[in-house]
Amino acid sequence: MQRTTAIDTARRLRDGRLDAVELLEATLDRIARDPDQAVFIDLLPDRAKREAEAARKRLREGRPAGPLDGVPIGWKDLFDIEGRVTLAGSKILKNDPPAKADAALVAAGAGAGLVSVGTLNMTEFAYSGIGINPHHGTPRNPNGTGPARAPGGSSSASGVAVANGMLPLAIGTDTGGSIRIPAAFNGVVGLKTSTGRYPMDGVFPLSRTLDTLGPLAHTVADCVLADAVLRGRSEPEAAPLPFGKIELVVPTNVVFDGIERAVSDNFERSLERLAKAGAKIMRRPVPQFDTLVELVATRGNILPAEALHVHWDRVHGEAAGEMDPHVLKRILMAEKMTAVDLVEVLFERRRLIAESTALVGRGYFAFPTTPHVAMPIAPLEADMDVFFAANFKTLRNTMLGNFLDWCGVQIPSGRDADAMPTGFLLSAPHGRDTDVQSAALAIEALVKGDYQ
């Protein structure tokens with residue numbers, strides 16, 4: 001599989017080895033020829049051509065708009081694109097009015113010279129960690145030697161488009177793991193930023209409390225540069241840390257329950273390499289995890305409550321019959337949650353955030369991104385109970401970081417016997433985005449090992 005990085009693409013554009021318009025044409029041709037036509041919901045050829053032509057002119061004149069000028073990018077189908085109806089992976093919204101303006105982050109990307117190729121497929125309304133979509137098709141995970149595997153959700157095609165070489169860079173959203181899971185399942189890097197790092201204007205919501213945005217790419221450096229560019233910076237604030245300054249807290253509870261052998265083995269090999277390089281590894285229970293799991297099981301969670309609020313009229317009206325039944329069932333489950341439950345969850349969340357922040361200090365949490373590799377799609381589509389069990393387990397590790405308001409980076413850590421990728425998740429408390437990016441830059445090569 002072609003693994004051209006965004007940084008290498010930008011470098012070749014600047015020195016004239018690549019032409020922005022020719023690169024766009026090759027990208028669109030590559031997409032058109034791919035047997036998987038479920039990756040993009042809509043292509044934007046006219047807009048992309050205008051942006052590529054403008055990038056070509058700037059680059060030839062030696063005045064790039066930013067360090068990624070001319071690089072193709074795709075946007076999860078939650079982002080408003082001027083003149084287009086934002087579908088959010090559904091068909092229910094097809095008669096809504098077109099967006100009057102780009103989402104704030106799309107506009108920032110355009111201002112930095114990124115070329116918007118199209119909108120990427122996703123789980124309907126961003127509500128699943130599996131990535132199945134009955135309306136627009138399910139993007140196929142390009143990894144593995146057996147049956148078609150789940151792409152991970154909800155930013156499913158954002159992971160697939162990077163992994164299969166269609167795009168060097170994609171932007172997704174993460175509310176319960178929706179960047180980190182597809183990055184792990186597809187074997188790419190995914191950056192979950194802190195809540196509030198980016199403006200949410202023009203992004204269709206799932207949970208206004210938990211929604212975050214971030215890039216998926218082949219390398220940590222690509223994600224770090226994309227984060228800087230989308231925030232109006234000419235260069236990243238993050239730089240690789242010395243290994244002696246990296247302390248990893250590896251939880252001994254919750255995150256390893258029911259883990260697949262290959263996931264665990266690859267994670268441990270990554271830790272061994274990091275320890276030999278000088279990183280400090282501290283294994284200990286994180287009691288806040290047990291409290292959180294029990295709290296969600298007995299009281300419910302913020303995400304489903306807010307999703308129900310967003311979609312109340314849809315799930316109680318005629319539109320419900322047009323929704324993915326997996327998504328509809330999950331949203332309606334939140335009706336069991338009372339106002340007292342929600343208040344208790346919000347109260348406890350503040351306490352757990354403070355306690356976990358104190359526990360990790362200036363270190364980082366490290367554990368497998370998901371307890372298993374991407375599963376075959378067919379059994380998930382055939383049996384609702386199988387789907388729900390798999391979805392719950394898939395989201396378990398990543399949702400901890402959303403509930404506790406962490407930022408984090410998913411890094412590929414190896415493959416299993418069927419050539420399916422496994423993932424290593426590095427996380428830090430809210431606001432430590434530069435720190436976690438700096439640590440990820442340092443550890444990436446050792447985490448990946450000989451991953452290809």
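The values are calculated or read from the model by the stated rules, or taken from the named source; none is laboratory data. Just so it is clear, the model here is predicted, and its values are computed rather than measured. In this analysis, Cβ positions are derived from the backbone assuming ideal geometry, glycine residues included, and neighbour counts consider all displayed protein chains. Each accessible area value is taken on the protein alone, full model and side chains, heavy atoms only, with ligands, DNA and RNA left out. Shrake-Rupley method; radii C 1.70, N 1.55, O 1.52, S 1.80 Å.
Ellipsoid semi-axes for the stretch 385-428, based on the Cα gyration tensor and the rule √(5λ), read 21, 19, 4 Å when sorted largest first.
Within the stretch 81-149, which trypsin sites (Lys or Arg not before Pro) sit in a loop by DSSP and count at most 11 neighbouring Cβ atoms inside 10 Å? Show your work: numbers first, answer last.
Working: sites: R84, K91, K94, K100, R140, R149; in loops: R84, K91, K94, K100, R140.
Taking the stretch 81-149 and a limit of 11 other Cβ atoms within 10 Å, the loop trypsin sites (Lys or Arg not before Pro) found are K94, K100.
Test of understanding: express the Cα radius of gyration of the chain as a ratio to 2.2 N^0.38 Å, with N the residue count. Could you put the intermediate results ahead of the total?
Values: Rg = 20.6 Å, N = 452, 2.2 N^0.38 = 22.5 Å.
Dividing the Cα Rg of the chain by 2.2 N^0.38 Å gives 0.92.
In terms of distances greater than 18 angstrom between alpha carbons, the cross-link table entries K192/K329; K245/K276; K245/K448; K91/K192 yield K192/K329; K245/K448; K91/K192. Among L206, V263, L241, whose Cα projects farthest towards the positive end of the dipole of the stretch 180-318, with charges put on the beta-carbon of Lys, Arg (+1) and Asp, Glu (-1)? The listed residue farthest towards the positive side: L241.
Tell me, what is the percent relative contact order of the stretch 140-278, built from C-alpha pairs under 8 Å that lie six or more residues apart?
Numbers: 189 pairs, mean separation 24.7, N = 139.
Relative contact order for the stretch 140-278 comes out at 18 percent.
Distances between every pair of Cα atoms in the stretch 154-263, grouped in 10 Å steps from 0 to the bin holding the largest one, split as 14, 37, 38, 12, 0 percent. Helix screen, the chain: DSSP H segments with Cα axial length of 30 Å or more and mean Kyte-Doolittle hydropathy at least -1.0 are 339-360.
Of all aspartates and glutamates in the structure, the ones whose alpha carbon falls short of 14 Å from that of K49, not counting any fewer than 8 places away in one chain, are D19, E22, E25, D29, D69.
Volume per residue, Å³, of the convex hull around the alpha-carbon atoms of the stretch 314-452? Spell out each step's value before the answer.
Details: hull volume 20.6 nm³, N = 139.
It comes to 148 Å³ per residue, whole-number rounded.
Rounded to the nearest percent, how much of the accessible area of the stretch 152-275 (1.4 Å probe, protein heavy atoms only) is carbon and sulfur?
Details: 1640 of 3350 Å².
Result for the stretch 152-275: 49 percent of the exposed heavy-atom area is carbon or sulfur.
Counting only Cβ charges, +1 for Lys and Arg and -1 for Asp and Glu, the dipole size of the chain around its Cα centre is about 1040 debye. Per atom type, the stretch 345-420 shows carbon and sulfur on 64% of its accessible surface, probed at 1.4 Å.
Where only protein heavy atoms count, and the probe is 1.4 Å, what is the accessible area per residue for the chain in Å²?
On the way: 16810 Å² over 452 residues.
Normalised by residue count, the accessible surface of the chain is 37 Å².
From the P(r) of the stretch 250-381, could you give the percentage of C-alpha pairs in the tail past 21 Å? Walk me through the intermediate numbers first.
On the way: 5183 of 8646 pairs.
In whole percent, the long-distance tail amounts to 60.
Show which lysines lie in cross-link reach of K336 when reach means a straight Cα distance below 25 angstrom and same-chain residues fewer than eight apart are skipped. List returned: K393. What number, in percent, do you get for the relative contact order of the chain if the mean sequence gap of Cα pairs under 8 Å and at least 6 apart is divided by its residue count? Reported relative contact order: 17 percent. Of all DSSP beta bridges confined to the chain, the antiparallel ones make up roughly 65%.
Packing order of peptides 187-193, 204-210, 156-162, highest average first: 156-162, 187-193, 204-210 (average count of other Cβ atoms within 10 Å over each peptide's residues). Helical content alone sets the calculated 222 nm signal of the chain at -13000 deg cm²/dmol, taking -39,500 (n - 2.57) per DSSP H segment of four or more residues and averaging over every residue.
Counting only DSSP beta bridges with both residues in the stretch 65-208, what percent are antiparallel, rounded to the nearest 5? If you can, show how the numbers build up before the last one.
Values: 1 of 8 bridges.
Bridges in the stretch 65-208 are about 10 percent antiparallel.
Calculated from the alpha-carbon coordinates, the stretch 226-288 shows an Rg and a Dmax of 15.9, 44 Å respectively.
Normalising by the residue count of the stretch 26-151, find the relative contact order in percent from Cα pairs under 8 Å and 6+ residues apart. Could you put the intermediate results ahead of the total?
On the way: 206 pairs, mean separation 37.9, N = 126.
Once divided by the residue count of the stretch 26-151, the mean separation gives 30 percent.
Sort the following peptides by mean Cβ neighbour count (other Cβ atoms within 10 Å, averaged over residues), highest first: 396-408, 342-354.
396-408, 342-354
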